[in-house]
Amino acid sequence: MRILKLLSRFIICILCISCLCNVSIAASNLPTGEVGEYGNFLTHDNISVFNENLAKDFDKFEPKIDLNPTTFVPIEAKIGLMLMKALSAVDDVLQSSLVRFTVIFLLIMYAFWIGLEAYKLIRDSGDYKTALYNIFKQGITIAIWIIILNYGPTKIFAMIVSPILTLGTYLSDFILGAVAETYKVNIPDTCAAIQNYVHTDKSLNLLVDADTAANIMCLPARASVFFYHATATGFQWIKSGLGTSPIMIALGIVSIVIFIKCIFKYAFMTLGIVVSLFLTLLMLPFTALAESMPSSSEKNFAGQFFNGLLKIFNTQKLSNIIGKFINAAIYFVSLSIIIAICATLLTNIVSLGADNQYTTGSAMTIILSGCLVLYLANQTEKQTKDIGGDIDNSFGKQMEGNAKILWADVKKIGNSLFKAWLKK
Amino acid sequence: MIKAWLISSGIKFLTGAILLGIGIWYLSSSIGGASLSYTSVSNFMQQIGVQNGDIASANGCFLCGYIADLFDVIGRATEMFWNGIVKNLWILMAVGFGIFIILHTVSYIHEQANSKDIKDLSGTDPKLDFKKWFDKVWKTGLRVIIAGALIGALNWSGTGALKTVTSITVTPVMYIGSTLSMAVTGVISDAKCDISLDTESSENVLTPILKPFMCVMGNLNTVMLAGAGGGFALMNYSWMGMGGGFFTWLAGLALVLAFLVIGFDLVFQVLNVIFKLMFIIIFMPILLAAYAFEEVWKLANGLTKSAITMLIDSAVSIIRISLKICLIYAIVYFSADSFYPGPSDGFTTIMPPLLGQITPKNMDAQTMSVMAVFSECEKVSLINDKMDKDKFISCFNAQKSVVTKKYPNAFDFMDDGFDFLMFMIGIACLYFWILSPEIDKIIGSPAKEQFDYGTWVKNFGKTIYTAPEKIYKAVKDKLK
C-alpha cells in the first residue's frame, strides 16, 4: 500500500506536469478560424481542424519503436540487463569489503564458539576428545571457506550454476522453436537482437556468462514483439477514432492497457527470478557463516547472543541455493510453454510476413485474444507451478494486490465523480 | 458537488506540488551551483560540501542538523538519568532480591506443606528437599551479583563505564553500517568516516552512535544527491538549450523525483534504526538490572533477549538500507551510461562514477571526445566548490563546435529523453515491486515494527500534507 502510494504520487506528479505542459501544446490545437451563427464555436470546419491537429500531436506523441525482429530489443530486456550489471557491480564492491568482514567475523565467531564449547565441557564434564575433534573439524571447515572467500565465492558459484540456467534457457528456446515449427506459426526470434545488444556493451562484467544473461532476457521478449505491435495498433485505433468513432478510441485504450499489462507481467516475472537468484549469490559470503558455524545449544545470555549473531541474515544452505537455481531453470521451461501458447494465440491477430512487415486482425479479435492472453499471463504463476513445480510467486501476488488497490481507488474516484455529476 | 470535488482535488494537488517543490529545492540547494556534469567523484564531493574528506559533512542530510541537536539534548538527559538511577539501582536490586527470597520461600513452604510425600511420611522424620529451593536462589543470586557488579562499576566510574558498554555493543552495529555503506557507495578513496575522533573527545553519552550515524546518512545523501544531480543535469541540458527537448527535461524530473522519494523513504528507515539504538543506550542500566530477575520475574523475562534482537535487527536494517540505495543507484547509473552517451562503456556525463569508481572501458573515439569536453568544462567552471553555469555553457559551446566538426552526431545523445523516461518508469516499478521486497525478504525485515519512529514522522508529514484539505472541508461544513 505504502509502495503503491509513493509510486502513484510519482506518476501523478509526472502526469500533472505533462498535462500542464500539454495545455500550451493543446492550445495550438484550438482552431481560431471561424465563429458560427449565434457565436457557435463548434462548427464543422473547426471540429475537423481540431481533430486533424490532435491527430498530428498524437503522431508526435506515439512512440516510434522499431519492431523489426532482427534489431528490436524490448525495453524490459534492456532494463533486465542493466539490473544484472548493477547487481554484478554491487557484488564486485561487496566482495572487496564484505569478504574481509566475513573472514574476521568467522574467526571471532569461531573463538566465541570455542569458548562456549569449553564452558559446556567444564560444566557437564563431557568427553574432551569429542570436543577437541569437533573444534578441529570446525576449524578445517572454516579454513576451507576462508580460502573460497578469498577467491571470490560468487564467481566460483556462478560458474557452477550457469550451466543449469543455460540448460533451462536452451530448453525454453527449443520448446518455442518446436511450437512454431509444429503449428507453422512465425514467432519472431528477438534473441539474436538481444544477444547483439549484450555483446555491444563494452563495459560488461556480469556474474553469469553474457550469453546466459541474454538468453534469460530473451525468454519474455519472444512474445514482446507481438505485445508491442498490438500496443502500437491500439495507438493507431485511437488516432483513427479521433473525431469519428468513440468506440475505436475506447478499443484503442483497452488494447493498450491489456498489452502493456502483458508486457509488464511477463517481464517482471522473469526479473523477479533474476533478482532473487543474483541476491542469493550476493549473500554467499554469509552462506559461509551458515555452512561453517553450528548454532550453540546454550540457553544462557552468551548462547542467545551467539545464535542471534548467526541469524543476522536469512542465509540459505548451499544445497538450497543450488535447488533454487534448478527451480529457476524449470520455471523458465514452464514459462516458455505458456509463452508459446500466448504467442500462438497472438499470431492469429498479429502476423509477421516474410518481408518483416506486420499485419493485424480485426479489432474485436485483437481485444478478445488480448483478454485471453492477459488471463493466461495472470494465471501463469499457477500454471508454471503445475507444470514445473514450486516457484516463488510473491511478486505476482504483490503486483496483483497493488493492481486491485489501484483499481479500487480508480473506481472510488469514478463513483464520486459520477455521483457529483448526478447531483449537479 | 462537482465544484467541491474539484476544489478539494485542487488543494490536494497544490499541497502536493508545494511539498514536492520544497523537496526538489532542498535537493537542488544541497548541490553547489548548477548541476551540469559529474565526470569525477572528487569534484562531485566538493559540490555537495564534503569537507576534509569527511563523508559525515555531506550536504543534503534531511533533519540532520536537528538530529545532532536532539542527540545532544537526549545525551545530557540520559547522563542525568543514568547518574540518578545507577546509584539507586543497587538498592532496588537488593530489595528485589529480598522480596524474591521471601516470596520464593513462602511459595516453597506452601508447596512442601501440600506435598503428598510429606503427608505420607507423617510419624516418621519428614525431610524437605532444600535443593529445589536453593537452586533457584543461587542462580538468581549469581545473576544479581553479575548485574550488580556491572552496575557497581558504572556507579564507581560514572558514565564512562556505560559509554564503554555502549561503545562495545552499539557502536559496532553502526560501524558495520557506515563501513558497508562507504564501501557500497564506493567513496572510500575520496572520503572517510572517522568514528574515533568524536567518540574519544566528547563527553556526551550518545556520541558513540552520533558519528557513525552521520556517516551512514552522509553516504545515503551522497547517493541521493548523485542520482538527483543526474536528473537536474538532464533538466538543465534541455532548459539551457544545450540539447534535448521536453522529454529530456521530463526524464530529468522523473530521475529527481525517483531519488527524492526513494531517498526520503530510506532516511526515515535510518531514523527508525537510530532511535532504536538510542532506546537501548538510555535504558542500558535498567536492561542490566532486569537481566538479574529474568528467570523469576515475568515482566523482566525476555527483556535482554528483546534488546539483543533489537540491536541485531538494527545492524541488519543498516545493511539492508545501504544495499537498496546502492542497487538503485547502480541500475540508474548503468541506464544513464547506455544513453548519456551510449553505448555502455562505463562513462556517463550526468552521474558521478560512485560504486568503487567505475572506470570507462573500451571507449570509442567519439565518446572520448565527448568525455574530454565535459570533464574540461567541469574543471573550468568549478569555482569555490560551485559550478558556474555561464562559464560551463560558454566552454561547452566552444568545445562542442570543435568536436561536432569531426563527429557531427556526437551530442545527439542529449535528445534520447523519451527512451530514458521509459527506462526510469520501468526502473521505479522494478525497485518498488521487485528489488525492495526481495532485499527485505533475503535480509530479514521485521514484519511489524514495535518501535517505529520513522513511520510516525512520515505520518506526521502526511498530516501536514492533508491539513489544508481538512481545513477546507471544515470551513465548507461550517458554511453549510
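The values are calculated or read from the model by the stated rules, or taken from the named source; none is laboratory data. Every value quoted in this text rests on a predicted model; they were computed, and no experiment measured them. Note that we place each Cβ from the backbone using ideal geometry, even for glycine, and neighbour counts take in every protein chain shown.
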Next on the checklist: Going through B:246, B:268, B:264 one at a time, which residue ends up being within 13 Å of another protein chain (Cβ to nearest Cβ), within 30 Å of residue B:404 (Cβ to Cβ) and modelled with pLDDT under 80?
Outcome noted: B:246
Checklist outcome for this item: Among B:7, B:18, the single one that is part of a helix (DSSP H, G or I) and modelled with pLDDT of 80 or more is B:18
Checklist outcome for this item: Flagged in segment A:236-261 as away from chain B (no Cβ under 14 Å), in contact (Cβ under 8 Å) with a residue 60 or more places away in the chain and either closer than 18 Å to residue A:212 by Cα or in a helix (DSSP H, G or I) (or both), in numbering order, are A:237, A:238, A:239, A:248, A:251, A:254, A:255, A:258, A:259
Next on the checklist: Going by what's in this entry, would residue B:276 be described as at pLDDT below 80, farther than 23 Å from residue B:216 by Cβ and among the basic types (Lys, Arg)?
Outcome noted: no
Item to check | Which listed residue, of A:199, A:229, is in a helix (DSSP H, G or I) and buried (at least 22 other Cβ atoms within 10 Å of the Cβ) | outcome: A:229
Checklist outcome for this item: Checked B:164, B:105 against criteria (assigned to a helix (DSSP H, G or I), β-branched (Val, Ile, Thr) and modelled with pLDDT under 75); the one match is B:164
Checklist entry - Has segment B:281-290 got any residue that is part of a helix (DSSP H, G or I), more than 10 Å from chain A (Cβ to nearest Cβ) and closer than 30 Å to residue B:388 by Cβ? => result no
Checklist entry - Do you know which residues across segment A:262-279 are at the interface with chain B (Cβ under 7 Å from one of its Cβ atoms) and under 15 Å from residue A:320 (Cα atoms)? => result A:276, A:279
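Each row is one residue, and each column tells you yes or no for (1) modelled with pLDDT under 80; (2) under 32 Å from the mean Cα position of the chain (by Cα); (3) more than 14 Å from chain A (Cβ to nearest Cβ).
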{"residue": "B:362", "(1), (2), (3)": "yes, no, no"}
{"residue": "B:405", "(1), (2), (3)": "no, no, yes"}
{"residue": "B:455", "(1), (2), (3)": "yes, yes, no"}
{"residue": "B:464", "(1), (2), (3)": "yes, yes, yes"}
{"residue": "B:468", "(1), (2), (3)": "yes, yes, yes"}
Checklist outcome for this item: If you go through B:375, B:369, B:381, the only one that is polar (S, T, N, Q) and free of Cβ contacts under 8 Å to residues at least 60 places away in the same chain is B:369
Checklist outcome for this item: Going through segment B:1-57 in order, the residues found to be of a type in the set (S, T, N, Q) and within 14 Å of another protein chain (Cβ to nearest Cβ) are B:8, B:9, B:15
Next on the checklist: Looking at the structure I just gave you, is residue B:367 surrounded by fewer than 19 Cβ atoms within 10 Å (Cβ to Cβ) and within 11 Å of another protein chain (Cβ to nearest Cβ)?
Outcome noted: no
Next on the checklist: Just to verify a result, which residue in segment B:311-341, among those that are of a type in the set (Phe, Trp, Tyr) and assigned to a helix (DSSP H, G or I), is nearest to the other protein chains (Cβ to nearest Cβ)?
Outcome noted: B:334
Checklist entry - residue B:427: touching a helix residue (DSSP H, G or I) at 6+ places or on another chain (Cβ under 9 Å), modelled with pLDDT of 75 or more and either within 13 Å of chain A (Cβ to nearest Cβ) or exposed (fewer than 14 other Cβ atoms within 10 Å of the Cβ) (or both), yes or no? => result yes
